[in-house]
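Data first, discussion second: the structure below is written as C-alpha cells.
The values are calculated or read from the model by the stated rules, or taken from the named source; none is laboratory data. Treat the numbers as computed from the prediction; the structure is a model and nothing was measured. Please note: Cβ atoms are built from the backbone with ideal geometry, for glycine as well, and neighbour counts cover all protein chains shown. In case anyone asks, the SASA skips ligands and DNA or RNA and just uses the protein heavy atoms, side chains included. Shrake-Rupley method; radii C 1.70, N 1.55, O 1.52, S 1.80 Å.
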Amino acid sequence: HRGQTLAVQFVTFGAGQKMLLARDITQLEKLETMRRDFVANVSHELKTPLTVLAGFLETLQEHQDLPASQQSHYIHLMNDQAQRMRRLVEDLLTLSALEASAGASDERWLNLTELTNAITEDAYVLSQQQHQIQLSPPPAYLILGNESELRSALGNLVSNAVRYTPPGGTISLSWQETQDQLAFHVADTGLGIEAQHLPRLTERFYRVDRARSHATGGTGLGLAIVKHALTHHQARLDVESELGKGSTFKAVFPLARFRPVN
Ligand code: ADP
C-alpha cells in the first residue's frame with residue numbers, strides 16, 4: 001500500500017522450501033524518524049547557546065585588557081546562555097521522567113486553593129508587576145494528583161500567559177465547573193495564535209514565534225510537559241485563541257478527581 005513500509009525476508013525451511021515473510025514496519029519507521037528529529041532538535045538547541053558562550057569566552061581570553069564594564073557585560077551575556085542551557089536540560093529531564101511512566105505516581109489529595117495560590121504567586125514574580133493578574137477564588141475542593149506534576153502543568157500555562165502577553169495586559173485565572181468536569185482556565189490578552197498552529201502546540205520544540213520564545217526564556221518544551229502531566233491525571237488541554245486578541249488555555253479534569261474539602 002502507498003505510504004507503507006514492509007520488511008521482506010526469505011526464510012528457508014524443511015527440504016529447501018522457501019517462504020516469503022513480510023512485516024509492516026511503517027509504525028516503527030515513524031517512531032525512528034521522530035526519535036532522530038528529537039535528537040537533532042536537542043543538539044541544535046544546546047549547540048546555539050554553547051557556541052555563543054564559547055565565543056564570548058574566547059573574546060575575554062584574547063582581550064584581557066578590556067575595560068571592566070565591557071568584561072562584566074560579556075559575563076552577564078554568558079550567564080544568560082548558561083541559564084538557557086540549564087532550563088533546557090531541566091525541561092528535558094522533566095519530560096523524560098513524565099514519559100517514562102504511564103500515570104502519576106505519589107498521588108495525594110491536594111487543597112485546590114493552596115495549589116492555585118502557589119501558581120498565582122509564581123506568576124506575580126514572573127510578571128514583575130507588568131500585568132494585571134486576576135484570580136477568581138477556587139471552589140473549596142481537594143484534587144487527587146501528583147503535586148509537582150500539577151504545579152508544572154498549571155504553572156507552565158500561567159507562565160506562558162505572562163511571557164506571551166505584552167506589558168499592560170491582563171491574565172485571568174479561574175476554575176470552571178461543568179456537570180462532569182472541572183477546568184483551570186488561563187485567559188490572557190496577549191499575542192494570540194493563528195488557528196493553523198493550534199493542533200501542533202504540544203509538540204516538542206514547536207514554536208509559533210521562535211524569536212519571542214527565546215527572548216522570554218522559552219525552551220519549546222513547556223506545552224509538551226503540560227500535555228504529559230495532564231494525561232497522567234486523565235485531563236486534557238483545550239486552547240482557544242485569536243491572533244492579536246489573546247488566548248485561553250484550559251486544563252480540563254474529570255470531576256471524579258475532586259472532592260469537597262470537608
Ligand atoms: P515555549 O518555551 O516556546 O514557550 P511552549 O511549549 O510552552 O514553548 O509553547 C509552544 C509555543 O506556543 C510557544 O513558542 C508560543 O509560540 C505558543 N504559545 C504558548 N502559550 C501561548 C500564549 N499564552 N499566547 C501566545 N502563544 C503561546
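Structure summary
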item	result
Selection count, region 27-56, where residues are hydroxyl-bearing (Ser, Thr, Tyr) and surrounded by 12 or more Cβ atoms within 10 Å (Cβ to Cβ)	1
Options LEU115, LEU150: the member that is open to solvent by less than 30 Å² (accessible area, probe 1.4 Å), within 14 Å of the chain's Cα centre (by Cα) and away from the ligand (no atom under 16 Å from the Cβ)	LEU150
Selection from region 224-251 of residues that are open to solvent by less than 20 Å² (accessible area, probe 1.4 Å) and out of contact with any helix residue (DSSP H, G or I) (no Cβ under 7 Å at 6 or more places or on another chain)	ALA235, GLY246, SER247
Which listed residue, of PRO254, PRO199, is surrounded by fewer than 17 Cβ atoms within 10 Å (Cβ to Cβ), farther than 21 Å from LEU92 by Cβ and in contact (Cβ under 8 Å) with a residue 60 or more places away in the chain	PRO254
Residue within region 163-180 that is near the ligand (Cβ under 8 Å from one of its atoms), within 30 Å of PRO49 (Cα to Cα), out of contact with any strand residue (DSSP E or B) (no Cβ under 9 Å at 6 or more places or on another chain) and not small (Gly, Ala, Ser) present	yes
Some residue of region 101-111 being closer than 30 Å to LEU243 by Cα and surrounded by 15 or more Cβ atoms within 10 Å (Cβ to Cβ)	no
